[in-house]
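The values are calculated or read from the model by the stated rules, or taken from the named source; none is laboratory data. Here the structure is a predicted model, which is why all the values come from computation and not from measurement. Cβ placement follows ideal geometry from the backbone for every residue including glycine, while neighbour counts extend to all protein chains displayed.
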C-alpha cells in the first residue's frame, strides 16, 4: 500500500508564506537600510495578521458550518416544525363557529369540522351535529345542502 503523507492545509501554506515574506523583507530592510523594503515587510506583517484573524474568525467557522451542512444534511439545522396539530385545527375551527366570524367562514369551518369528525375521528354523530348547528344559523346555505341530506361532498 502506498503511504500518503499528510499535506498542509491551504491556510497553513498562506500563513507560512506570509510569515516567511515578513521575516525575509524585514531582514533585507535592516541590511540595506531601505525604507521601501521595510514598508514591504510591514505590509506582509499586516497581511499575515489579517489572514490569521480572517482564517480564525470568518473563514474557519464558515467552512465548519458548510461542512456540517454537507455531511449532516440540512435536516440537522432545519427550523422546528411549527405546523398546527389536528387538535389545534379543531380548536381553531370550533372558535370560528363560536365567535363572531363571518357567515362564509362559519360555513367553511363547519364543512371542515364535519370532514375531520367523520373521516379522521370516526364520529359521525358529532359531524352531523356541527352541520345541524350551522344549518340552523344559516338555513339558506347552499354549501351545507349536501351535508344535510347525509351525503358527502
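Values for this structure:
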| quantity | calculated |
| --- | --- |
| Within region 125-153, considering residues that are exposed (fewer than 11 other Cβ atoms within 10 Å of the Cβ) and in a helix (DSSP H, G or I), the one modelled with the highest pLDDT | 125 |
| Scope region 97-124; condition within 19 Å of residue 87 (Cβ to Cβ) and exposed (fewer than 15 other Cβ atoms within 10 Å of the Cβ); matching residues | 98, 99, 119, 120, 121, 122, 123 |
| Conditions (1) surrounded by 10 or more Cβ atoms within 10 Å (Cβ to Cβ); (2) at pLDDT below 80: number failed by residue 61 | (2) |
